[in-house]
Amino acid sequence: MMRETLVPLASGTIFGAGLTIGGMTDPARVRGFLDLFGDWDPTLAFVMGGAVLVMALAWTMQRKMLRPFFGDGFALPDRSDITPRLIGGSALFGIGWAIAGLCPGPSFAALAIAPASAAIFVTAMLGGMLLVRLVEGQG
């Protein structure tokens with residue numbers, strides 16, 4: 001029970017701290033990255049580059065492991081997961097990210113820094129998720 005609670009809590013805390021330190025909880029910084037022909041802010045490129053390096057190391061380590069440290073087996077994606085629904089959802093995600101300057105991870109981290117504006121986004125995001133579940137008959 002302790003492992004099922006502490007590992008996700010620790011990894012979520014590290015992830016949130018990284019987003020905050022990297023400035024990804026600041027919507028203006030994210031929109032600045034997306035403003036390629038204006039006052040472009042490269043900060044997000046460095047955050048993404050750091051994430052790619054960490055993930056490359058993780059994939060290298062995973063190939064040599066029989067099972068994860070804190071799990072029974074790996075749940076790795078495959079190409080069959082790419083569907084029109086996934087592509088449409090990704091497009092909506094990108095549009096929302098560009099408009100708001102926030103996405104799910106940073107929005108929850110931003111609740112600790114700018115609770116009023118982040119709460120509006122998080123409420124709208126959760127409302128959209130609920131609406132999809134209701135429309136698809138899953139909720």
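For the range 30-66, enumerate the residues that are among the polar types (S, T, N, Q) and under 19 Å from the mean Cα position of the chain (by Cα). Residue satisfying the conditions is Thr43 alone.
Does Phe121 qualify as being assigned to a helix (DSSP H, G or I), over 14 Å from the mean Cα position of the chain (by Cα), within 26 Å of Leu9 (Cβ to Cβ) and in contact (Cβ under 8 Å) with a residue 12 or more places away in the chain? Against the criterion (assigned to a helix (DSSP H, G or I), over 14 Å from the mean Cα position of the chain (by Cα), within 26 Å of Leu9 (Cβ to Cβ) and in contact (Cβ under 8 Å) with a residue 12 or more places away in the chain), Phe121 qualifies.
Number of residues in the range 124-139 that are in a helix (DSSP H, G or I) and either out of contact with any Ser or Thr (no Cβ under 7 Å at 6 or more places or on another chain) or small (Gly, Ala, Ser) (or both) equals 11. Counting the residues of the range 85-102 that are touching a residue at least 60 places away in the same chain (Cβ under 8 Å) and closer than 14 Å to Thr123 by Cα gives 2.
Against the definition (among the hydrophobic types (A, V, I, L, M, F, W, C) and farther than 26 Å from Ser11 by Cα), how does Leu66 come out, yes or no? Against the criterion (among the hydrophobic types (A, V, I, L, M, F, W, C) and farther than 26 Å from Ser11 by Cα), Leu66 does not qualify. Within the range 32-48, being surrounded by fewer than 12 Cβ atoms within 10 Å (Cβ to Cβ) and of a type in the set (A, V, I, L, M) holds for Leu36, Ala45.
Evaluation of Ala17 against the conditions (1) farther than 17 Å from Gly105 by Cα; (2) under 20 Å from the mean Cα position of the chain (by Cα); (3) surrounded by fewer than 12 Cβ atoms within 10 Å (Cβ to Cβ) shows that the sole unmet condition is (1).
Per the conditions (1) free of Cβ contacts under 8 Å to residues at least 40 places away in the same chain; (2) surrounded by 12 or more Cβ atoms within 10 Å (Cβ to Cβ), the sole criterion not satisfied by Thr25 is (1).
Per-residue answers, yes or no, for (1) modelled with pLDDT of 90 or more; (2) of a type in the set (A, V, I, L, M):
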{"residue": "Thr5", "(1), (2)": "no, no"}
{"residue": "Ala17", "(1), (2)": "no, yes"}
{"residue": "Ile21", "(1), (2)": "no, yes"}
{"residue": "Leu34", "(1), (2)": "no, yes"}
{"residue": "Leu53", "(1), (2)": "yes, yes"}
{"residue": "Thr60", "(1), (2)": "yes, no"}
{"residue": "Phe69", "(1), (2)": "no, no"}
{"residue": "Ser80", "(1), (2)": "no, no"}
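Checking every residue in the range 99-114 against the condition of being loosely packed, with under 13 Cβ neighbours inside 10 Å, assigned to a helix (DSSP H, G or I), more than 14 Å from the chain's Cα centre (by Cα) and small (Gly, Ala, Ser) gives zero matches.
The values are calculated or read from the model by the stated rules, or taken from the named source; none is laboratory data. Note that this is a predicted model, so its numbers are computed, not measured. Here Cβ is always computed from backbone atoms with ideal geometry, including for glycine, and neighbour counts include all displayed protein chains.
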